[in-house]
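Okay, so here's the structure we're looking at.
Every number here is computed from the coordinates shown, using simple stated rules; none is lab data. The model shown is predicted, which means the values in this text are computed figures rather than measured ones. Backbone-built Cβ (ideal geometry, glycine too); neighbour counts: all protein chains shown.
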Amino acid sequence: MLVRNAVLEDIEQIMEVYRASKEYMVASGNPNQWVNGYPTREIIESDISRQQFFVCEENGQIHGVFMFFVGEEPTYQMIEDGSWKNVEPYGTIHRLGGDGKQKGIFETCLAFCRKEHGNLRADTHHDNKTMQYLLEKYGFQRCGIVYMKDGSKRIAYQLTEI
């Protein structure tokens with residue numbers, strides 16, 4: 001599968017991937033993570049304009065999407081019930097979604113991100129058992145609890161080669 005920067009012309013396929021991801025979340029016991037239209041088209045367009053949004057594509061079809069950037073994530077500045085593995089610069093993975101038609105989206109995303117940076121962080125909702133399983137399967141360690149801008153809690157993870 002090819003990973004490439006998303007472009008604005010991809011937005012309809014991206015939103016369709018998120019629709020499928022939300023359906024999966026609800027069906028698997030995670031109905032509260034992506035609600036009230038999140039992630040919005042405006043958020044995705046902003047990520048695309050900053051070249052921080054990526055698609056996993058095969059034969060012209062987008063099967064997976066994610067946001068990735070290297071730099072400080074404001075919601076990661078405070079962590080409770082634990083600590084980050086290090087204070088070195090890191091890359092952050094956000095808003096990973098798949099359409100359910102192609103396996104290996106997480107692995108493809110992770111391989112891309114690891115090439116970009118050897119110190120990665122991510123977070124997920126307490127009810128997102130699938131993401132927790134994948135993060136731990138691929139070597140991420142639970143580090144504690146972080147809070148989103150709206151005050152909701154997320155489980156924080158880090159994978160580091162540093």
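See the values below:
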{"quantity": "FRET efficiency for Asp81 and Ser49, using Cβ-Cβ distance with R0 set to 41 Å, rounded to 0.05", "calculated": "0.70"}
{"quantity": "Region 146-157 - phi-based ³J(HN,Hα) in whole Hz, Karplus 6.51/-1.76/1.60, Gly and Pro as x", "calculated": "10, 10, 6, 4, 7, x, 6, 7, 9, 7, 9, 10"}
{"quantity": "Choice from Met78, Met67, Met15 with maximal GNM fluctuation in the chain (Cα, 10 Å cutoff)", "calculated": "Met78"}
{"quantity": "For region 96-112, 3J(HN,Hα) per residue [Karplus equation, 6.51 cos²θ - 1.76 cosθ + 1.60, θ = phi - 60°, Hz, x = Gly/Pro]", "calculated": "6, x, x, 8, x, 9, 10, 7, x, 4, 4, 4, 5, 4, 4, 4, 4"}
{"quantity": "Using alpha-carbon coordinates, inclination of helix 11-27 to the longest axis of the chain, degrees", "calculated": "60 degrees"}
{"quantity": "Sparse-neighbour loop sites [chymotrypsin sites (Phe, Trp or Tyr not before Pro); region 1-74; at most 16 other C-beta within 10 Å; DSSP]", "calculated": "none"}
{"quantity": "Interchain or long-range residues, amide H under 5 Å from Gly104's placed H", "calculated": "none"}
{"quantity": "Coarse-grained scattering of the chain at q = 0.14, 0.18 Å⁻¹, given as base-10 log I(q)/I(0) from a Debye sum over alpha-carbon atoms", "calculated": "-0.68, -1.19"}
{"quantity": "Prolate/oblate/rounded call for region 73-134, Cα gyration tensor, a/c under 1.5 rounded", "calculated": "oblate"}
{"quantity": "Per-residue ³J(HN,Hα) for region 47-62, Karplus 6.51 cos²θ - 1.76 cosθ + 1.60, θ = phi - 60°, Hz, x for Gly and Pro", "calculated": "4, 4, 5, 8, 6, 10, 10, 10, 10, 9, 10, 9, 6, x, 9, 7"}
